[in-house]
Structures are given as structure tokens and as C-alpha cells.
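Please read the structure below before turning to the comments.
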Amino acid sequence: MDSSEFAFKIAGSLAFKNAIDKLKAILLEPIVLLEVSIPDDSMGDVIGDLSSRRGKVIGSDSQGGVTEIKAHVPMSEILRYASDLRSMTGGQGFFTMEFDHYEEAPQPVVEKVVAEYQASKAE
């Protein structure tokens with residue numbers, strides 16, 4: 001007996017859904033290494049802002065009135081960071097960033113991504 005192309009598509013779809021359920025798939029988000037140079041008097045504001053963006057400060061060093069902060073921050077949280085940093089430091093702060101690794105996204109982020117995906121599918 002020959003199977004139709006449609007039957008193979010359905011079987012593949014069901015197998016994929018079954019595998020995803022068994023594997024307990026997780027959503028990963030990109031994390032960047034952010035290096036920020038700011039005047040010393042802006043340190044509290046900048047560290048507080050990084051924390052509000054789910055950032056994890058991994059080190060800081062102060063020298064000659066300038067503080068260098070290194071932090072791991074989810075990329076999605078710093079897409080508009082340049083203007084916010086400019087506001088916090090009176091235009092005196094600057095930063096660099098580079099991809100560092102992936103981490104499991106927290107549940108509220110997962111729920112938001114799933115809701116956005118379902119909304120786009122419904123359109």
C-alpha cells in the first residue's frame with residue numbers, strides 16, 4: 001500500500017510535536033557582554049538601570065574619575081540603551097557590547113514571546 005504525501009506530512013508533524021513534548025523544549029535568549037564607561041558619580045544610576053534590565057554586573061573598576069562596568073545583559077533589554085545611558089550620564093557615558101552566550105529565558109519572557117507568536121499566527 002502506498003502512502004500519500006499528505007499522510008507523510010501529518011506523520012512528521014505529529015512526530016515533531018511528540019518529540020517537543022518529551023524533550024521539554026526551552027526558549028533561549030542571547031546575552032551580551034556590556035562594557036560601560038561612565039563618570040564615577042553616575043555609577044549608582046547605571047548599576048540600578050542595568051539591574052532593572054535583568055543585567056548581572058560581573059565587575060567594575062574606577063580610575064581617574066571614570067568607572068568601567070562589565071555586565072551580562074539580555075540583548076532584548078538593551079536595544080535602546082544608548083539614549084538611556086546618555087540621559088543618565090549627561091552625555092558622558094559610552095558602551096560597547098558583544099555577544100557572549102545564551103541563557104534560558106525567564107517564564108514571563110517565554111509567555112510574552114509565545115503570546116506574540118500566537119497573535120501573529122492568528123492574523
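The values are calculated or read from the model by the stated rules, or taken from the named source; none is laboratory data. Not measured: the values here are computed from a predicted model. Just so you know, the surface numbers come from the protein's heavy atoms only, side chains and all, with ligands and any DNA or RNA stripped out. Shrake-Rupley method; radii C 1.70, N 1.55, O 1.52, S 1.80 Å.
Quote the relative contact order of the range 1-108 in percent (integer), defining contacts as alpha-carbon pairs under 8 Å separated by 6+ residues.
Once normalised by length, the contact order is 36 percent.
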Would you check the accessible area of residue 37, probe 1.4 Å, heavy atoms only, in square angstrom rounded to 10?
10 Å²
So the pair-distance distribution of the range 32-123, from every Cα-Cα distance in 10 Å bins, comes to percents of 15, 44, 24, 13, 4, 0
Ordering 54, 80 by accessible area with a probe of 1.4 Å, largest first, what comes out?
80, 54
Can you count the Lys pairs in the chain with C-alpha separation below 28 Å, eight or more apart or on different chains?
15
Indicate, rounded to the nearest 5 percent, the antiparallel portion of the DSSP beta bridges found entirely in the chain.
100 percent
With Cα atoms, 0 to 90° folded angle of helix 107-122 axis to the chain main axis:
50 degrees
Got a number for carbon plus sulfur as a percent of the range 1-92's accessible area, 1.4 Å probe?
56 percent
